[in-house]
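Nothing in this text is a laboratory measurement; each read-out follows from the coordinates by a stated rule. No experiment lies behind these values; they were computed from the predicted model shown. All Cβ positions, glycine included, derive from the backbone under ideal geometry; neighbour counts span all protein chains shown.
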Amino acid sequence: MEAEGHIVGRIEQGALVLLGVHQSDTDEHARWLAQKIAHLRFFEDEDGKLNRSVLDIGGAMLVVSNFTLYGDCRKGRRPSFTDSAPYEQGQTLYEQFCAFLQAEGVPVQTGVYGAVMQVRLQNDGPVTLIVETPSKE
């Protein structure tokens, strides 16, 4: 991943996490999500079954802040980002999420919060997941 022409984060085997922070998210949501993702089994075992976590494979996670994940496209022709957390809240929860992942034993690389970044992905197998925290109500 590059920002302003410099490599700011890189992993080999592991997962790319595009993290969107909702305006109603809390540090407990960040902790729950980090624990869930650290132990989620989405890597193949010897039999081709999705039975291994990033911890099991000795992998890492590249975590990219991405407020546009909460872009609402239901009305009109331009997304609305009103569900995304404000900048400061998003940055705090992004940093907490990364710290919680590290506390679970996952090596973490990050980009530059709020920067325009170029992310390169070599997807080894088509596993793409959306992981949402339990109801925010």
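Remarks
- Amide H contacts of L16 (H built 1.01 Å from N, in plane; Pro and chain starts excluded): L62 sit under 5 Å, all sequence-distant by 5 or more or on other chains.
- When each of V119, V127, V54 is scored by the number of other beta-carbon atoms lying within 10 Å, the sequence from fewest to most is V127, V119, V54.
- Relative contact order [Cα under 8 Å, 6+ residues apart], region 2-118, whole percent: 39 percent
- For region 4-106, applying the loop criterion from DSSP together with a ceiling of 11 other beta carbons within 10 Å to the GluC sites (Glu not before Pro) yields E4, E12, E46.
- By the Stokes-Einstein formula, at 1.306 mPa s and 10 °C, region 66-137 with its Kirkwood radius over alpha-carbon pairs has D equal to 106 µm²/s.
- Restricting region 1-38 to trypsin sites (Lys or Arg not before Pro) that sit in a DSSP loop and have at most 11 other Cβ atoms within 10 Å of their own Cβ leaves R10.
- Extent along principal axes [Cα atoms of the chain; Å; largest to smallest]: 47, 40, 31
- Per-pair calculated FRET efficiency, R0 = 25 Å: F42 and Y113 via Cβ, rounded to 0.05: 0.45
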